[in-house]
Ligand SMILES: [Zn+2]
């Protein structure tokens, strides 16, 4: 028996006024998923525990079957793990975004134009982070390049009683009131201000401007936390498995859970990521003997943050055709029984360009069973109207794997 989770990050949404009050899941042409849902178990799941911010870190941890109330210490330690950085007990990891800020003189007067610096390439970003490291890195503050705009800073024996804001939550807003808060946080603000001077005239940015791309004008520190301590997935759920993803955060979750995290060529975590490569990677892991796959696609979330309905619809259609369609063909060829769990981690509504903590629709398909769900399409409206509710990600994982 093979168990496959297909996670479309931020896929759930609100009805769009400009699209006849339909959601991207309703608007997308997704024949494979809509066929599966007709004979699946369906419901809504509350992935974000009460009182937690609706981040992809908390949400994916929950869906992967780990109670955030027990295992969550912050986003950045998970990314640090994925970069192979060995955090010690008292080290604090910070997410270090490369962002695009507007040109006002005063740092606090600037606007967050792009939390991803135009989805800057990893190669360009590595040069910029190198420069940052050279200029403001010390024995105490270490910088590590990651993927695209997502990088890491570790504060050795650092402090962490700070209030830091995710940059994707303040798109198009003036940053002044969202700068680091809490005693001693000025050291972080000073680094962000200094980074702007360092990056401003860097050749990488000059080149990007010439090409009409967003320059990476500043670092933005957030998502801090300490070293996590997970029970291995195989001990918790009895399966050896793999996480297929492009983003450090999810890869870090996989590593913490003791799952395999193969590198997928062409997967970037952006809206142009290679969907098919992920499906192929998942099939390769299954053929190599793994029984559990957690396949994560970032693209619908990115489109949500950008407020781009067409991109989001397109991302859902690509998940359907290139991920779900390909996996179904591959599983047929393998002649294995399988269970599929398809869901988002949280909604990222186009209209508000950020995550919400509301329950999301899921489907569980079992190749051995031919049940009728009474559901015709995988949409927020149809599945929530049905009234089935699962209280948490770990409860859903137990239901998916152990049939509880
Ligand atoms: Zn997410």
Matching residues, the range 197-210, being surrounded by 15 or more Cβ atoms within 10 Å (Cβ to Cβ) and closer than 23 Å to residue 137 by Cα: 198, 199, 202, 204, 205
Has the range 304-320 got any residue that is outside any strand (DSSP E or B), within 16 Å of the ligand (Cβ to nearest atom) and in contact with a strand residue (DSSP E or B) (Cβ under 7 Å, 6 or more places away or on another chain)? yes
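Residues are listed down the side, and each one gets a yes or a no for (1) in contact with a helix residue (DSSP H, G or I) (Cβ under 6 Å, 6 or more places away or on another chain); (2) crowded, with 23+ Cβ neighbours inside 10 Å:
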residue	(1), (2)
212	no, no
221	yes, yes
224	yes, yes
231	no, no
236	no, no
244	yes, yes
247	no, yes
Quick one: would you say residue 339 is more than 16 Å from the ligand (Cβ to nearest atom), farther than 13 Å from residue 45 by Cβ and surrounded by 18 or more Cβ atoms within 10 Å (Cβ to Cβ)? yes
Residue check, residue 238 outside the structural domain of residue 133 (by TED's automatic domain parsing) and over 16 Å from residue 77 (Cα atoms): yes
Give the residue that is farthest from the ligand (Cβ to nearest atom), with candidates limited to residues of the range 57-67 that are under 15 Å from residue 248 (Cα atoms) and either out of contact with any strand residue (DSSP E or B) (no Cβ under 9 Å at 6 or more places or on another chain) or free of Cβ contacts under 8 Å to residues at least 12 places away in the same chain (or both). 61
Tell me yes or no: at least one residue of the range 93-109 is more than 26 Å from residue 132 (Cα to Cα), within 16 Å of the ligand (Cβ to nearest atom), at pLDDT 95 or above and under 18 Å from the mean Cα position of the chain (by Cα). no
If only one of 118, 108, 146 is closer than 29 Å to residue 308 by Cα and assigned to a strand (DSSP E or B), which one is it? 146
So residue 353 ticks every box in (1) at pLDDT 95 or above; (2) within 14 Å of the ligand (Cβ to nearest atom); (3) touching a helix residue (DSSP H, G or I) at 6+ places or on another chain (Cβ under 8 Å) but one. Which box is left unticked? (1)
Is the range 34-42 home to any residue that is within 16 Å of the ligand (Cβ to nearest atom) and surrounded by fewer than 20 Cβ atoms within 10 Å (Cβ to Cβ)? no
Which condition number in (1) within 16 Å of the ligand (Cβ to nearest atom); (2) surrounded by fewer than 24 Cβ atoms within 10 Å (Cβ to Cβ); (3) farther than 25 Å from residue 314 by Cβ; (4) modelled with pLDDT under 95 is the one that residue 75 fails? (2)
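The values are calculated or read from the model by the stated rules, or taken from the named source; none is laboratory data. In this text, all values refer to a predicted model and were calculated from it rather than measured experimentally. No Cβ is skipped: glycine too gets one built from the backbone with ideal geometry, and neighbour counts run over all protein chains shown.
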